[in-house]
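Below is one structure, written out as structure tokens; comments come after it.
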Amino acid sequence: MKRWSNALAAVLLSLTGSGLAQAADPIKIGSFLTVTGPASFLGDPELKTLQMYVDDLNAQGGIKGSKIELIHYDTGGNAKDAVNFVKRLIKNDKVDLLIGGTTTGDTMAVIPDVEKEGIPFISLAGAVEIVEPVKKWVFKTPHSDRMAAAKIFEDLRKRGLSEIALITGDGGFDKSGRAQILKLAPDYGMTLVADEFYGNKDTDMTTQLTKIRSSGAQAIINFGLGQAPAIVTKNIKQLGIALPLYQSHGVASKTFIDLAGDAAEGVRLPAAALVVAEQLPDADPQKPILLAYKNQYEAKHGPVSTFGGHAYDGLLIAVEAIKRAGAADKAKLRDEIESTKGFIGTAGVFNMTPQDHMGLNLDAFKLVEIRKGAWKIVE
Amino acid sequence: MFEQVFQFLVTGITVGSLYALVGLGFALIYNASDVVNFAQGEFVMLGAMAAIALLSAGLPLPLAAVVATLLAVGVGLLLERFAIEPAAGASVVATIIITIGAAIFLRGIALLLWGKDFHTLPPFSGDAPIRLGGATVLPQSLWVLAATGVLVALVRAFFDRTLLGKALLACSFNRTAAQAVGINVKVMLRLAYGLSAGLGAVAGILIAPITFSSYEAGVMLGLKGFSAAIVGGIGNPMGAVAGGLLLGVLEALGAGLVSSGYKDAIAFLFVLMVLFFEPTGLFGHKVAERV
Amino acid sequence: MRLAGFYAFAATVALLPALFPDNYFVVVVGASAGLNVILAVGLNLLMGYAGQISLGHAAFFGLGAYASAILTTRFGWPSLLALAAGLIAAGLLAWAFARPILRLRGHYLAMATLGFGVIVHVIMVQATGWTGGPDGLAGVPPLDLFGWEVSGDLQWYGVIMAAALLAVWLSLNLVDSPVGRALRAVHGSEFAAQMMGVDTARAKTQAFVVSALFAAFAGSLFAHQQAFVSPDSFDLTVSVELVTMVVLGGLASTFGAACGAIALTLLQQALVVFEDYEMLIHGALLMAVMIFLPQGLFVGLTQAARRLGSALVRSRPSVAA
């Protein structure tokens, strides 16, 4: 029995490669992303970005002579798997820090373990609850859904519209976005006249939109991810509804424009500056960073999306902090991440503080409109 | 109000015809082999994805559609030959697990071939909505509706009128007896898988302009198609169509009149009610158990 | 003899963490496997012995988990009381649904249980006020066993494995009881069983309720162990996985179900390193096992071992000659 279990454990250990001795002490970055499953178009560019830049850094000799090792597991968007893989990264792979957690669900699920083990964790998920209240070891790089809601409301107010219809899916991104819209609406003097739902794998939303059409709304907000917002956009055109349509930053990728086709014309959404990098004034300090990332990504993987950008920001914030603190002492590394100041990333300029573990302000978002199949900044 | 309900019904029927089309494939294989093929949704996905890939490789749409359908037929034949046939005599649940394994496997292949992005086909005859009273439909939905009608008539005629179809049915009723009267059961089973894979692929190509497609698209379509086939009474092509339409209309009415968040729950609750009162579906055979 | 397998299983479970303390694959994956063992052994009572398929079993797992999570976080109930409430709720629900659902046969039963699972999942996603919606409920307090708070992966391994052993032991005893015999009769032929005076409806209902109780129990443990619940742990995929575990291990065998549960848990951990090839390999393995060992891993392999053994015994004289 003993020999058998020894053999079993040996097999398991060799599967992960943790039994191999390492010559130099590499810096180990653990990552868990939703590379397959419903949120794969978030996780996929995130992983590609991490891999691309880790390879680059290693080709340049690593950080202060130490190579970087990226260990990644795909959660498939399942919070239970996220928890187990984070335990695996901490216990078995003994990583120095974590970058990952594509979805809010995955991120929230692993926070208890991260806090207990005391390991720096940069989340790539959107919801504001990840960093509010502040958790000692948890940071995040994407804009929050509250910022997206605020950006949309600002634009609506400018246009003098206040009666809005909301339509959202059944995913975590949709639900927390909806919660922020409901919460912020009174502050901006908005009234919600319709609040409809769909399933993220539904093939037709004309029923919900028919109800919205007769609700007297002046504008429609759709908070969602994946193919569903494209179907909503097409259905709105099919029903001949002429109201302004606002999407969320969740559709800021070329795929959305391809899927929705002509119907995407005139759709507005808040998005990171990445999608409109060329249109920024040359004086914008973000511009060179954005173009560099965009060109490098597109040379290898096709159209860039803002989600990969969040991984870029997370990785480089970590690298800068490691340069200052080294990776050996997790508490020191955490302190250095927290003192990130003036870091120019794809999402904006990060200024972290002990009270703010995201460090972005509302300017980081651009309101863009789709015109002739391309993103245009709305001023 | 009336206008709204009319639009709900139109939506329900267009969505339902999509479920019906997928459900037909389930009925076909079940008729021949008593197996519910849980990889049916993946045939639908393969048809759509292959057609999209061929189209972007430069083939004209009709040719891309034909080649994609033939490819799916090939996959169906391979599945039968290398996964179902070697397991002849396995229990029903074992066969179910094999088809679930096949579904995961096919999804894995699609992932490697076409990546994780969503793709779409251009609609066959434009995007301009057609007005029906106060409601609107897309031309593509009419294509789906018409194709469902034609295919169900063909499938019915095949089983009722042709010798081949009757031989196929005989295999399902009693395999040994079918063998005894000179029917080559092996060939018949391959035929059934080939046909239903082809049927699935046609469905996939027809609905791709509406629903888009990705390597995972087969999961949801398979689930809804399976539900359609069961509610109607499995093995009955007409039943699958009735089941699909019923499911679509229920979802639309549930979303429109009760709650869009709970529409799937409402639809399935209704399905449960149907089964409680008609334990073999709306048009299913009443079967007697052999002791 | 009957319990020899049980003692071997118990000894392995106890030895592993002693040999590999704080090893991820023992304490964390082991705990996951343990939960799956409880679920699969429970489902096997329904599928393997009563011959009734369920494609909605994750609903009961979820019911137990959400009962514990909601009652402890929102109402401050002690964890054991919440666990009991979850069991009662799952048992009652199973009992109420059992009669109409279990009248159905084969694929119709599969459809009905699937529909049941979908309905429960939709409620978990949509009733955000209660369940926290798709992002789930965080901050479930630790399990309090009469003053001892279970914390840390090793302690959880111990608690879950003890529960898994209890589940296996219960299942072994149930199967050999009069109820178990009635169940097997139902599996063979329901009509024939009725003729012999077995109250088949009652037997099936009992199997359904018991397997729901196993699942809800596992759910409560799961909620406390993860300190977090979200609907994706209880969706259709999970229900299908549970059925796969039971069939993969071998229907109508308690150890088969346990085997299947452990095998599938390990498989998922092992395959994750293949990234994009994970699905392809997973699907191919499922098909291969069911084609070559249609009775499942455990039953198939033990039979093969027996055949090999007797072949060796038989071949010995011929070698001598």
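What are the residues in the stretch A:345-364 that are small (Gly, Ala, Ser) and within 13 Å of A:GLN286 (Cβ to Cβ), if any? Passing the criteria: A:GLY345, A:ALA347, A:GLY348, A:ALA364. Selection of the stretch C:148-201 for residues being away from chain B (no Cβ under 14 Å) and more than 27 Å from C:ASN36 (Cα to Cα) yields C:GLY197, C:ASP199. Selection of first residues in the stretch B:83-102 that are under 18 Å from C:TYR108 (Cα atoms) and of second residues that are part of a helix (DSSP H, G or I), restricted to Cβ pairs under 6 Å at least 6 apart or on distinct chains, gives the following pairs, ordered by first then second residue: B:VAL93/C:VAL247; B:ALA94/C:MET290; B:ILE97/C:THR244; B:ILE97/C:VAL247; B:ILE97/C:MET290. Cβ-Cβ distances below 7 Å connect the following pairs, each with a first residue in the stretch B:11-27 that is away from chain A (no Cβ under 13 Å), a second residue that is of a type in the set (Phe, Trp, Tyr), and a separation of six or more residues or different chains: B:GLY25/B:PHE43; B:PHE26/B:PHE226.
Taken over the stretch A:58-75, the criterion of being free of Cβ contacts under 8 Å to residues at least 60 places away in the same chain and assigned to a loop (DSSP other than H, G, I, E, B) is satisfied by A:GLN60, A:GLY61, A:GLY62, A:GLY65, A:LYS67, A:THR75. For B:LEU206, the stated conditions hold: it is at pLDDT 85 or above, buried (at least 24 other Cβ atoms within 10 Å of the Cβ) and in a helix (DSSP H, G or I).
For the stretch C:20-32, indicate whether the set of residues that are in a helix (DSSP H, G or I), within 14 Å of the chain's Cα centre (by Cα), within 11 Å of chain A (Cβ to nearest Cβ) and hydrophobic (A, V, I, L, M, F, W, C) is non-empty. Yes, the stretch C:20-32 contains a residue that is in a helix (DSSP H, G or I), within 14 Å of the chain's Cα centre (by Cα), within 11 Å of chain A (Cβ to nearest Cβ) and hydrophobic (A, V, I, L, M, F, W, C).
Residue count for the stretch C:246-302, restricted to those that are within 11 Å of chain B (Cβ to nearest Cβ) and assigned to a loop (DSSP other than H, G, I, E, B): 7.
Each residue in the stretch C:118-133 was checked for being assigned to a helix (DSSP H, G or I), more than 9 Å from chain B (Cβ to nearest Cβ) and closer than 17 Å to C:GLY64 by Cα, and 4 of them qualify. Is it true that some residue in the stretch B:43-66 is more than 8 Å from every other protein chain (Cβ to nearest Cβ) and under 30 Å from C:TYR49 (Cβ atoms)? Looking through the stretch B:43-66, none of the residues is more than 8 Å from every other protein chain (Cβ to nearest Cβ) and under 30 Å from C:TYR49 (Cβ atoms). Within the stretch C:80-112, which residues are modelled with pLDDT under 95, in a helix (DSSP H, G or I) and either touching a Cys at 6+ places or on another chain (Cβ under 8 Å) or not hydrophobic (A, V, I, L, M, F, W, C) (or both)? Within the stretch C:80-112, C:ARG99, C:PRO100, C:GLY106, C:HIS107, C:TYR108 meet the criteria. Anything in the stretch A:220-266 that is at the interface with chain B (Cβ under 8 Å from one of its Cβ atoms), surrounded by fewer than 24 Cβ atoms within 10 Å (Cβ to Cβ), assigned to a loop (DSSP other than H, G, I, E, B) and touching a helix residue (DSSP H, G or I) at 6+ places or on another chain (Cβ under 8 Å)? List them, or say none. Correct list: A:LEU239 only. None of B:GLY218, B:GLY239, B:GLY284 is within 14 Å of chain A (Cβ to nearest Cβ) and within 29 Å of B:GLU85 (Cα to Cα) except B:GLY218. Checking A:ARG146 against (1) crowded, with 24+ Cβ neighbours inside 10 Å; (2) more than 14 Å from chain B (Cβ to nearest Cβ); (3) within 30 Å of A:ASN351 (Cβ to Cβ), which test does it fail? So A:ARG146 meets the others, but not (1). Looking at the stretch C:24-42, is at least one residue touching a strand residue (DSSP E or B) at 6+ places or on another chain (Cβ under 6 Å) and either buried (at least 18 other Cβ atoms within 10 Å of the Cβ) or without any contact (Cβ under 8 Å) to a residue 24 or more places away in the chain (or both)? No, the conditions are met nowhere in the stretch C:24-42. Taking the stated definitions as given, is A:ALA109 crowded, with 24+ Cβ neighbours inside 10 Å, among the small types (Gly, Ala, Ser) and over 12 Å from the mean Cα position of the chain (by Cα)? Spelling it out, A:ALA109 is indeed crowded, with 24+ Cβ neighbours inside 10 Å, among the small types (Gly, Ala, Ser) and over 12 Å from the mean Cα position of the chain (by Cα). Close contacts from the stretch B:218-242, counting a first residue that is aromatic (Phe, Trp, Tyr) and a second that is assigned to a helix (DSSP H, G or I), with Cβ to Cβ under 7 Å and a gap of 6+ residues or different chains, come to B:PHE226/B:PHE26.
The values are calculated or read from the model by the stated rules, or taken from the named source; none is laboratory data. Note that this is a predicted model, so its numbers are computed, not measured. Quick reminder, even Gly has a Cβ in these numbers, built from the backbone with ideal geometry, and neighbours come from all protein chains shown.
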